């Protein structure tokens with residue numbers, strides 16, 4: 001992933017230095033465990049633990065000749081012990097196959113990356129919770145199909161995102177735990193060189209669990225589920241960004257991204273304040289979703305292994321975790337600094353002259369004795385009259401409420417007080433607090 005979208009800790013996790021350091025951790029964990037089992041000489045294990053190191057330039061130099069990165073690595077580590085260390089170096093990588101090291105070390109990188117992503121999910125949820133409570137009772141119009149529907153509150157939008165991020169957290173925890181596994185089971189997973197108890201001892205030292213069964217590789221359904229979970233997570237971030245982009249449109253302008261001093265929105269139009277962070281979130285979420293397709297393709301491999309997944313994973317595993325981490329941070333900052341305009345929300349809510357209360361009138365008339373079909377026909381006829389009176393400014397010239405109050409078929413069943421109650425926004429929002437209580441109780 002390019003530096004523009006990579007935060008420092010993720011850059012460190014996926015660096016070449018960290019990759020080879022994790023490979024060395026696996027190699028040394030193996031020699032230690034095998035020494036404890038009486039297979040590797042204790043002196044050799046101790047020497048390797050104390051003196052084994054690597055030089056990335058030397059690894060790359062050797063790989064130019066061997067065309068095999070793990071062999072280049074083990075040779076470079078052996079060389080780090082010097083001529084006198086050859087008797088100890090021969091126990092390095094003893095009984096292992098390359099993918100024992102690579103897949104187990106990759107699990108260590110994914111554990112570290114998952115810790116960063118989890119922290120990002122927690123922070124975003126905290127920000128969403130705080131701002132949901134802040135705007136819990138701030139009325140705004142709810143829209144379906146992009147058209148005014150019925151009143152809601154801005155806090156409800158934020159609360160919904162908070163709840164959804166809770167589901168994302170639970171899914172992510174399960175997917176990350178499923179990837180906290182290693183394998184030291186040999187070339188086809190049949191333990192041709194070492195024993196299952198050796199594997200268990202090695203991965204335990206690394207804080208991993210042993211895969212119950214593997215081939216030469218850990219099975220890629222685990223990785224596919226993990227990347228797919230990140231794709232769902234980033235789709236939620238896309239959903240949040242898309243909503244804010246709509247709310248920032250000039251003719252809506254109920255909320256907008258923070259615009260810092262000195263920031264410029266357009267090279268040609270000085271007035272522009274564009275939702276660039278939201279658009280960046282939406283764009284990069286597409287990349288993550290695309291990577292999930294690659295991860296799914298990686299599940300099917302020939303027999304006990306081919307390497308068609310390997311080259312792809314060198315891209316999608318770092319890139320997807322880096323982007324998820326980046327997008328979570330951007331989303332948290334977006335919500336934390338979001339500019340919200342309650343007065344504009346109220347103005348937009350009242351834009352249609354009360355048409356948004358048609359559903360309440362429908363059920364009030366039905367409750368008063370009118371058939372639902374007749375009530376729907378009556379209310380719709382008045383809403384259409386109001387709609388069809390729309391002026392050049394876009395607002396109804398004829399008052400829907402006035403039409404209702406003047407209709408004898410309505411007043412014969414509903415008192416003026418009940419008509420007024422049908423147009424009361426607080427009546428529509430009476431259960432908002434109950435929804436908040438239910439969601440926040442879930443944690």
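The values are calculated or read from the model by the stated rules, or taken from the named source; none is laboratory data. In this text, all values refer to a predicted model and were calculated from it rather than measured experimentally. Because the Cβ atoms are built from the backbone with ideal geometry, glycine has one as well, and the counts that use them run over all protein chains shown.
A few points about this structure:
- Taking segment 62-77 as the range and being outside any helix (DSSP H, G or I) and closer than 19 Å to residue 217 by Cβ as the test, only 68 passes.
- Of everything listed in (1) more than 15 Å from residue 141 (Cβ to Cβ); (2) surrounded by fewer than 13 Cβ atoms within 10 Å (Cβ to Cβ); (3) modelled with pLDDT of 95 or more, the single unmet condition for residue 343 is (1).
- Filter pass, residue 23 being assigned to a helix (DSSP H, G or I), buried (at least 20 other Cβ atoms within 10 Å of the Cβ) and touching a helix residue (DSSP H, G or I) at 6+ places or on another chain (Cβ under 6 Å): yes
- Identity of the residue in segment 217-251, assigned to a helix (DSSP H, G or I) and out of contact with any helix residue (DSSP H, G or I) (no Cβ under 8 Å at 6 or more places or on another chain), that ends up surrounded by the most Cβ atoms within 10 Å (Cβ to Cβ): 247
- Filtering 77, 40, 70, 26 for residues that are over 42 Å from the mean Cα position of the chain (by Cα) and not assigned by TED's automatic domain parsing to the domain that holds residue 307 leaves a single hit, 40.
- Residues satisfying the stated conditions in segment 78-135, i.e. free of Cβ contacts under 8 Å to residues at least 60 places away in the same chain, more than 30 Å from residue 438 (Cα to Cα) and part of a helix (DSSP H, G or I): 78, 79, 80, 83, 84, 85, 86, 87, 88, 89, 98
- Subset tally (residues that are buried (at least 22 other Cβ atoms within 10 Å of the Cβ) and within 13 Å of the chain's Cα centre (by Cα)) for segment 122-134: 1
- Meets criteria (in contact with a strand residue (DSSP E or B) (Cβ under 6 Å, 6 or more places away or on another chain) and either farther than 24 Å from residue 342 by Cα or surrounded by fewer than 21 Cβ atoms within 10 Å (Cβ to Cβ) (or both)) for residue 111: no
- Any hit, segment 368-375, residues being part of a helix (DSSP H, G or I) and either in the same structural domain as residue 284 (by TED's automatic domain parsing) or touching a residue at least 24 places away in the same chain (Cβ under 8 Å) (or both): no
- Scanning segment 224-278 for residues that are modelled with pLDDT under 95 and touching a strand residue (DSSP E or B) at 6+ places or on another chain (Cβ under 9 Å) yields 257, 258, 259, 273, 275.
- Residue 283 closer than 26 Å to residue 126 by Cα, out of contact with any helix residue (DSSP H, G or I) (no Cβ under 6 Å at 6 or more places or on another chain) and part of a helix (DSSP H, G or I): yes
- Residue that is outside any helix (DSSP H, G or I) and surrounded by fewer than 20 Cβ atoms within 10 Å (Cβ to Cβ), where the choices are 314, 305: 305
- Qualifying position, being crowded, with 21+ Cβ neighbours inside 10 Å and either touching a residue at least 60 places away in the same chain (Cβ under 8 Å) or part of a loop (DSSP other than H, G, I, E, B) (or both), among 260, 267, 214: 214
- Which numbered condition residue 370 fails, given (1) loosely packed, with under 12 Cβ neighbours inside 10 Å; (2) over 25 Å from residue 153 (Cβ atoms): (1)
- Apart from one condition, residue 96 fits all of (1) modelled with pLDDT of 95 or more; (2) surrounded by fewer than 20 Cβ atoms within 10 Å (Cβ to Cβ); the exception is (2).
- Taking the criterion of being part of a helix (DSSP H, G or I), under 21 Å from residue 199 (Cα atoms) and without any contact (Cβ under 8 Å) to a residue 40 or more places away in the chain, the residues of segment 36-56 that qualify are 42, 46, 49.
- Test: residue 171 is within 14 Å of the chain's Cα centre (by Cα), touching a residue at least 60 places away in the same chain (Cβ under 8 Å) and surrounded by fewer than 20 Cβ atoms within 10 Å (Cβ to Cβ): yes
- Subset of segment 138-149 [crowded, with 16+ Cβ neighbours inside 10 Å and part of a loop (DSSP other than H, G, I, E, B)]: 138
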